[in-house]
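One structure is given here, and the rest of the page talks about it.
The values are calculated or read from the model by the stated rules, or taken from the named source; none is laboratory data. What you see is a predicted model; the values in this text were computed from it and never measured. Note: ideal-geometry Cβ built from the backbone for every residue, glycine included; neighbour counts use all protein chains shown. We work out accessible area using only protein heavy atoms, side chains counted, and drop any ligands, DNA or RNA first. Shrake-Rupley method; radii C 1.70, N 1.55, O 1.52, S 1.80 Å.
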Amino acid sequence: MDNKQPLYAHLSMFAACAIWGLMAPLGKDAMNNGLDGPSMVMIRVMGGAVLFWIASLFTTYEPVPWKHVFTFAGAAVFGIVCNQCGFTIGLSYTSPINASIVTTSMPIFAMLLAALILKEPLTSKKVLGVLMGCSGALMLILTSATHASDKVGDIRGDLCCLGAQFSYALYLSVFNKFIKQYSIFTVNKWMFLWATIILMPIVGPHTLTMISNELSTKTLLETGYVVFFGTFVGYILIIKAQKVLRPTVVSVYNYVQPIVAVAVSVMTGIGIMKWSHALAIILVVSGVTLVTKSKSRRDIEGK
């Protein structure tokens, strides 16, 4: 069974990234037909909380001291509230192609924060990787500013999606050691519960107004996909995979997301692929590859 663990981890990682790649065009279509960004975030967060709390009833109970319960609140702010608000609201403005490309930039933010917070060394490879990744992101933003279309891109949405990646990178830098103390279900049930409590007074009334309108079956199914697969199943798969695979391998699988998102978006007409998107993908992918292959402080000290 142990020999099959790497295989299961690779399959889990691929499945999670494919699920998230498909989530971008499906979520975009749902927000074009009855829902908006804030209501999608509220439904996703609340749905995630319900699913993870139900699932936790069938797993081994883990006691959580009160001080850690409140630490989960801080983790939820960066790991879920800011991250999912930024991505989902950004997706409501920009194209699913842009949103998925920007998502792959997270390792670059993680590297910059690791240099600032954890004092990781800045090598020439890392600096070059950051410059290439930033060039790709800047190209997307400039293209969006020129076209201002939710099929090509919108600068507001691109910047929101970038902010979401920065928020998640900050969450990993600050809370990574803390969340490793608990299981997948314990971490997510508390983080999604806190995210629901934080968002409910702000977005809850608006969401009730949105869902009181008659939504099509297609919109409901697309929203259900975002909640069940894009949130519940995706989070379980990626955390399981991250326990086995090296971070460099995990980052390579992130490139599955834009491939799936681009293919589905172009085929369904939700997004338009331009030459600038292709060049941006090359720059971001190359930049992330350089960053993740560069030596960490542990590697240097080991020598």
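Hey, can you tell me all the residues within region 7-45 that are farther than 18 Å from Ile236 by Cβ and surrounded by fewer than 23 Cβ atoms within 10 Å (Cβ to Cβ)?
Narrowing region 7-45 to residues farther than 18 Å from Ile236 by Cβ: 24-43.
Answer for region 7-45, where residues must be farther than 18 Å from Ile236 by Cβ and surrounded by fewer than 23 Cβ atoms within 10 Å (Cβ to Cβ): Asp29, Asn32, Asn33, Gly34, Asp36, Gly37, Pro38, Ile43.
With Phe58, Phe78, Phe14 as the choices, which residue is under 19 Å from Leu199 (Cβ atoms) and of a type in the set (Phe, Trp, Tyr)?
On the way: Phe58 fails: under 19 Å from Leu199 (Cβ atoms); Phe14 fails: under 19 Å from Leu199 (Cβ atoms).
Step by step, each of Phe58, Phe78, Phe14 is checked, and only Phe78 is under 19 Å from Leu199 (Cβ atoms) and of a type in the set (Phe, Trp, Tyr).
When you go through (1) within 19 Å of the chain's Cα centre (by Cα); (2) at pLDDT below 85 one by one for Met40, which number turns out not to apply?
Answer for Met40: the failing condition is (2).
Quick grid of which residues meet (1) farther than 30 Å from Ala263 by Cβ; (2) surrounded by 15 or more Cβ atoms within 10 Å (Cβ to Cβ); (3) at pLDDT below 75:
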{"site": "Ala115", "(1), (2), (3)": "yes, yes, yes"}
{"site": "Leu140", "(1), (2), (3)": "no, yes, yes"}
{"site": "Ala145", "(1), (2), (3)": "no, no, yes"}
{"site": "Gly153", "(1), (2), (3)": "no, yes, yes"}
{"site": "Leu170", "(1), (2), (3)": "yes, yes, no"}
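Val244 versus (1) touching a residue at least 24 places away in the same chain (Cβ under 8 Å); (2) in a helix (DSSP H, G or I); (3) among the aliphatic types (A, V, I, L, M); (4) open to solvent by 50 Å² or more (accessible area, probe 1.4 Å): which is the lone unmet condition?
In the conditions (1) touching a residue at least 24 places away in the same chain (Cβ under 8 Å); (2) in a helix (DSSP H, G or I); (3) among the aliphatic types (A, V, I, L, M); (4) open to solvent by 50 Å² or more (accessible area, probe 1.4 Å), Val244 misses (2) alone.
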